[in-house]
1. Report the semi-axes of the equivalent ellipsoid for segment A:496-621 in whole Å, largest first, where each axis is √(5λ) for an eigenvalue λ of the Cα gyration tensor.
2. Quick one: what are the phi-derived ³J(HN,Hα) couplings along segment A:240-248, Karplus 6.51/-1.76/1.60 with θ = phi - 60°, whole Hz, x for glycine and proline?
3. Filter the trypsin sites (Lys or Arg not before Pro) in segment A:412-499 down to the DSSP loop ones having no more than 13 other Cβ atoms within 10 Å, then list what survives.
4. Provide the descending list of Cα extents for segment B:348-414 along its principal axes, expressed in whole angstroms.
5. Ranked by Cβ crowding within 10 angstrom, fewest neighbours first, how are A:Met395, A:Met97, B:Met36 ordered?
6. Calculate how steeply helix B:340-349 sits against the longest principal axis of the alpha-carbon atoms of chain B, using the helix alpha-carbon long axis, and give the answer as 0 to 90 degrees to the nearest 10.
7. Helix A:491-500 versus the longest principal axis of chain A: what angle, 0 to 90°, nearest 10, using Cα atoms?
8. Please report the net charge: other residues with Cβ closer than 12 Å to the Cβ of B:Ile285, K and R +1, D and E -1.
2 protein chains.
Amino acid sequence: MTTGYAFPDLTHLFAPRSMAVIGASEKEHSIGNHAMKNIMEFSDFKGKLYPVNPKQDNVMGLTCFPDVASLPEPVDVILVVIPAKFVREAVEQAGEMGVKFAVILTSGFSEADDWGRAEEAKLVEISQRTGIRIYGPNCPGLVNFNMPLGMSFSPAYRNDIAPGSIALATQGGGLGRNMVQHKDRGVGFTNWASTGNECDLQVADFIHHMAGDPEVKVIGCLIEGFKDGPRFAAACLRAAEMGKPVVGLKVGRSEYGAKAAASHTASITGSAEVNATVFRDLGVIEVDDLDELVDVAQLLARKLPTGDEKIAIFASSGGAASLCADNVGTGGLELATFTPETTQRLADGLPDYAAIGNPVDTTSISISHPDAYRDALLATATDANVGLVLAPLPMDYGNYSVINGESLIAVQAQTDVPIVPIWMSERQGDGYHTLAEGGLTPMRSLRNMRKALRRWIDYGSWLASRDASWRPAVIDAGAGAVDTLTRTLTEIEGKRELAAAGIPAAAPELATTAREAEEIAARMGGPLAMKIVSGQITHKSDAGGVKLNVDVDNSGVIHSEIIANVKSKHPDATLDGVLIEPMAPHGGVEAFVGVARDPVFGHVMTFGLGGIYVEMFQDVTRTMLPVTKAKALQMVNQLKSAKLLTGYRGQPPRDLDALAGLVVKVSDYVAAQSDRVEELDINPVWVGAEGEGVMALDAVIVVKA
Amino acid sequence: MTTGYAFPDLTHLFAPRSMAVIGASEKEHSIGNHAMKNIMEFSDFKGKLYPVNPKQDNVMGLTCFPDVASLPEPVDVILVVIPAKFVREAVEQAGEMGVKFAVILTSGFSEADDWGRAEEAKLVEISQRTGIRIYGPNCPGLVNFNMPLGMSFSPAYRNDIAPGSIALATQGGGLGRNMVQHKDRGVGFTNWASTGNECDLQVADFIHHMAGDPEVKVIGCLIEGFKDGPRFAAACLRAAEMGKPVVGLKVGRSEYGAKAAASHTASITGSAEVNATVFRDLGVIEVDDLDELVDVAQLLARKLPTGDEKIAIFASSGGAASLCADNVGTGGLELATFTPETTQRLADGLPDYAAIGNPVDTTSISISHPDAYRDALLATATDANVGLVLAPLPMDYGNYSVINGESLIAVQAQTDVPIVPIWMSERQGDGYHTLAEGGLTPMRSLRNMRKALRRWIDYGSWLASRDASWRPAVIDAGAGAVDTLTRTLTEIEGKRELAAAGIPAAAPELATTAREAEEIAARMGGPLAMKIVSGQITHKSDAGGVKLNVDVDNSGVIHSEIIANVKSKHPDATLDGVLIEPMAPHGGVEAFVGVARDPVFGHVMTFGLGGIYVEMFQDVTRTMLPVTKAKALQMVNQLKSAKLLTGYRGQPPRDLDALAGLVVKVSDYVAAQSDRVEELDINPVWVGAEGEGVMALDAVIVVKA
């Protein structure tokens, strides 16, 4: 599906066959020395390595070259750690000789000042001209943990080598390292790209690459701002196609964060609601914090969920068991019901005073009788109804905690149902390290567990219900520009466009005189709605410009009354006339459908019931286009007020089929006019009872002028 | 205010002048040996200590006594670690000789079996007869960290001695130790009571004692179940009076809803909601998890908030600054605006590429120029608009993190504005320990910070708006029994009771015949509401038993119609007649007021708007009684749908004065009939526009039979 979208092949960026370090140095504690050491002493890089430095003859035993142009071959990667003012020349030489990638750690470009912005633009020009792809500038480097290879001058790299199956693409260097340091909890990573200013390569390119990397099971990404929404969408679609979950943290979900991130990265942070919608539609699991990102990613790396997992709690403390069960409950998770066989095995193997339901509380036999504890745990973990076992450990209890940890590890070796310990204590004692080293990655609190498990299971549900044929319109159509001049269609124009697109809409006509009003009214039949039409008047009711339930016979009089009302309140307004249309049938529910163009991700639809439901309860749901009928029905059910549509307190169910049909047609209409339509708001949509249909009663459509 | 409520003096339980260990032993690794060692080797107990053991002559160099009766003096505390079957005799001897407290660690009582339950009842009887107060049984002991003195046989005690100013009263032993182990993060405690089976002393007694202990700044409590709601309320009231915040975690927040009640209000007033209400009314800060409890408690121990604190973010990483700002925003917290003086100092002291707004991003000068970093931090922390400084630290960076930590500690010494580091990395490196030991108690994630800070500031707001004269009715009236026989008043009886209590209510009359209906209708004038009255029919409308807007002239006919409708649907029901009352005025908003008796905390009121607001959005608020007028108005504003009452979209504001008056009168009515009224549901309450008043349109009152 995503073929045809041009993503770069980054294989030799992560695993170069040859490299040069531009700015390599013998000088202890210099950046160029750290970079060389990280490659020569703390990596297992087997390719050719060339130091480049005009002032040194050799570095760490390797012959040094005075400049890039002197290199004996066009290497796969140049790692650039020289001052900003020298960077352009090095990259240009590299591009011209056929080097594939420049990894530029150097700061002082677009994040710094006008000179830096101009210089960065020249780097982009070199990239486009010569084909060299640029990573950075202003970034902490790139790490391949499984080789390992650290292209970084950070002295922290040597402590943070954590091989595994989670790939990280981050825009924040410090925040990326934070996640890598979950190594101490037993979390391992394939590689880590931290893309800095993203003058060329961006997070989306890395997501796409990681999706195709067989070593990668899960992709974690941290986004401060999007450079290219459609590219991000295409990369995430590719990840979904490859069966690789993407876990995402978006900075800028509040005004404070958005402001801070905008000043930090100079990219568009976008609206939090739209980002959340895009993430959900693309299956990107949105998380709230860094530790949550790692928690969710490591759970997914352990096992992909079906969405139907029931939980077992296996504890040695009654309090921890209760508190854990509480978290399962408040997280909306479900405890498993054990089979009679399991219950029997637990009854046989555990003391009388143990709890053998779910939660299981073994009491202190975890220490006194580890064999019985392990048998009971195995019975629990292999119960046909159990999809995951939680083992809350409330405190560090010295060597006893080690014994307990070893039991968990031993049983995990006998089943692929994840056994998830929750190390609730602040003290990271030996038991904690036993679990981390044994591959059981302890969660650090019940709260963290609750949130991560909820995300894990929800991802399973998303996978199960995923429409593999769906492709966001924005990938091919682009987001479109939003800063052009616009024009708002009159209500009559708007409704005619809707009708032409097959969207049920009232068919209004314009009466410029009382006489015309009478003619139109007679033709339509009553009762009628009559509204002033004027480009200058937005609050029609307040101006006395709206009359409802008008008899056919009164239409002329009411026309004159409306004109008089509005003229007295807005003597200078230009009045086009009075709109006349049939009144909506009685007794319906009122919904609304809106579409607006997001500058990053293009058209996004908002759907909900009108008035108080939106204003007091923010009860709306959103989606990227296109919207299928199945998706439209899903959106109804995502509303808290869904019952008002599906049937409530003796009220009949509404015509959901017609409503979903209208939503799909709106989506089609906007897609067909993607460049032209900036914004559309059908509010209200009258929704009749089953079989009665729906009707757009009012519509505001804003188009490019 | 709380004087007169009998709470025990626990001074000599926490700081005994003399003690005996019943079951003391020389035998290595025995429980009795651990208990003795914890006192003699790992405590600083200066009083008299007597080992008691009939089989040993002396223990650890002290003369051993064969039984309690042989002790040379009535000690303050006996610490009991002998098997359950011997406990009663020891406690009885102690009680009879005048020992003040028995701390019983032994298990095998009411938590175990019938024998244990009976035996525990006998301990209670001994306590009541002799005056000895019992702590436990089945508990991990009691610790005074500031002495220190550990009355415990736990080998973990020696590692968990963490002196400080937070007192803990917990019902879960393991969960309590979890919190104590936050010692490793620099959190310190005055004492820890873990009350086990609570056969006598309970958490409430400890909260009351801790409230009066000058060493205690904050009280943390973990509740698995309440033994005595009024006692808990009285203890929390005392803590509020003494200016000691109480932070509470209630286990069992998801197990509720089991108590399905017949009436509407009771069904949405499950115990989890009641506990949350009680906590909020008493100023107990309810938290979701153990680490959150400690986070909030330690912040409060550092400084009591005003509720008006604005936050500064001081970071050395742009990403961490942005993500931290995001958490401030999504937590509903407010960033401070710096004074011009601060901005100038930051501009002067930090490099050009640093961010000097709020968040401050010093960039790497935290390492390269620690002096400039400290100056900037001091400027930030002493800004007149800043109430608290957050310092997010995204990663462990070896010795650089130590330098950074030392800077934070050095500046904190110069201001009492809390500087709160957030150690975001999973790696607890040297920098982390520097902060913990330096008294700056690092938060462990931005999420934890966000939640804790929100609670901290909210407590300040609660303090500021606290009505010190308010005393929950349940303290004096008791919760009352709920298991007695009940009777539901007929609508006519109910409304008459309300009217007699000064609550505006429709004044219905009963028509047993069509002729009576006509007479009543003529007297009342129309339009009228007519409803069937029958003890057997709950869904009156479904049975055709309700007619609205009846003309006076039709009243006789409608009476016959209602009787006929209901008889045809419910041929066997006993029909008392038809209720007639004036129709409610048009155009009001409908609210509801419910009161139900919680078995633990007595009458709790639920208030909200009816129908969809409750059913779809759970938009209700609750309170303990009594309700003052100010509180009633607060409740209106706690609703998400408050605008429907305060004025919305051109709708006039409702008669809040009359509505609050009704709520207060309902509270008074229930308080006056506290023993009799089990449940009351006024639904709907018609709420007119300002000046139009309110009226109870329907009322269900359940009283003791």
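Computed from the coordinates by the stated procedures, all read-outs in this text should not be read as laboratory data. Keep in mind the model is a prediction, meaning the values are calculated, not measured. No Cβ is skipped: glycine too gets one built from the backbone with ideal geometry, and neighbour counts run over all protein chains shown.
1. 30, 18, 15
2. After applying 6.51 cos²θ - 1.76 cosθ + 1.60, I find 4, 4, 8, x, 10, x, 10, 10, x Hz.
3. Those that pass, being in a loop and sparsely packed, are A:Arg466.
4. Principal axes ranked by extent give 34, 28, 20 Å for the Cα atoms.
5. A:Met97, B:Met36, A:Met395
6. Between helix and principal axis, roughly 40 degrees.
7. Tilt relative to chain A: about 70 degrees.
8. Charge balance near B:Ile285 sits at +1.
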